Structure formats: structure tokens, C-alpha cells
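Below is one structure; the comments refer to it alone.
The values are calculated or read from the model by the stated rules, or taken from the named source; none is laboratory data. Note that the structure is a prediction, hence the values are computed from the model and not measured. For accessibility, only protein heavy atoms count, side chains too; no ligands or nucleic acids. Shrake-Rupley method; radii C 1.70, N 1.55, O 1.52, S 1.80 Å.
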Amino acid sequence: MQFPILETERLLLTEITEQDTDRFFALLQREDVTYYYGMDRLLEKEEALEMIRAFRVVFEFMRGMRWGIRLRGEEALIGTIGLNQLQLRSKKTEVGYELHPDYWRKGLMEEALSAVLTYCFEELGLYRVGATTYPANTGSNRLLKKLGFKEEGRLRGYLYQRGESHDALVFSLLAPEWRQQQERNAD
């Protein structure tokens, strides 16, 4: 299967390849980017390369996919967005993402996530897209709610990062809710 390319007004979402290793490492070695990521920041470039190779394997088995976020007309990776725990038979997945701080608060992640949700519901035929966040990650929590995700609850001690366990919020968006929202936006 060929990796899907998604386009928005300002963004191009493409497969992350080994050519992206330097930019991907630069992104995930930043404490401000990984603070709410659910894993500690990367310390070695080899870790970034291993993750990129793992993204390819996960995609080949259709267990997930991770897009590199790029501004249209530019090669540079400015973030990533992906589907984790993709289960086509069960029609569900979880979404995760991160963006370089230079691009925060510009509506870019909303644009990227909207494109990925369209792909999930229209192309993959999924019924549920979930997301897990830190309660203190107000930016991400606000974005999910803006796009129609419902907060389902709190998982106590669910994330382990920076040497300690943290609670997580669970969100979901179901296909009928997404379709309703699309119809409202079209009016």
C-alpha cells in the first residue's frame, strides 16, 4: 500500500522518511515539544532514526501511520501527526501529534488534524478516533474539543514520563458526531 499524502490549504502531510531524521530529532529533543508527549525527549539522533523506521513497519502492517507536517512548498518537517493503535477491523484508532514551537498558535495543527480526521472517517471508514492527553495540556485539550472530541474521563497514573506517573484525559470523536459537524460547517 502506498502511504497517503494529505493536503490542506497551508500544509502537506507526507510520510516521514530517513531523510527527515535530523529535523525529527531536532523536534523531539526539545523539552518544550515533548513535555506533554508521553515519552521523554530524545537524546541521540539514532533514536529518531529508529522511530522513523518503526513508523514504516507499523504502516506496512496497517497498525498505524505517522505523517510529517510540512508547509506547502517547503521540505522542512515542522511537526508530525499520526494514528496509533490503528485497528481497521474494530474501526478505531488514536491520534497523536506535535509541532515545533515556532508554529504554535497559528491554526496549523487544527488544519492537520482536520485533514487526518477526514481521512480516518471517509477513507478508512473508522467509527472512533480517540486521543489521550495530559490534563495540563490546555492547548491540545482545547483543540480536541474545538474539533468535536468529547472528554470521556481520566486515567489515573496512565502516562510515565520524566521519572513519574501522570494522569491522562481520554477523548473521542465518533463518525456520526463528525458527520454532523461537517454538515453544520457546510451550512
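For the chain, a Kirkwood hydrodynamic radius built from all Cα pairs, placed in the Stokes-Einstein relation at 25 °C and 0.890 mPa s, yields a translational diffusion coefficient of 145 µm²/s. For the stretch 44-97, the orientation-averaged shadow of the C-alpha convex hull comes to 4.4 nm² (one quarter of the hull surface).
Working note: Karplus 6.51/-1.76/1.60 with θ = phi - 60° gives the stretch 90-96 the couplings 8, 6, 8, 7, 10, 10, x Hz, where Gly and Pro are set to x. The lysine pair tally for the stretch 1-155, using Cα distances under 28 Å and a gap of 8 or more places or different chains, is 9. Only beta bridges with both residues in the stretch 53-187 are counted; by DSSP, about 90 percent of them are antiparallel.
The 3J(HN,Hα) values that the Karplus relation (6.51, -1.76, 1.60; θ = phi - 60°) gives for the stretch 9-21 are, in residue order, 4, 10, 10, 10, 9, 10, 4, 8, 10, 4, 5, 8, 3 Hz. Gly and Pro appear as x. Counting only protein heavy atoms and a probe of 1.4 Å, the accessible surface of the stretch 26-185 is 46% carbon and sulfur. Summed over the residues of the stretch 81-143 and divided among them, the accessible surface reaches 46 Å² per residue at a probe radius of 1.4 Å.
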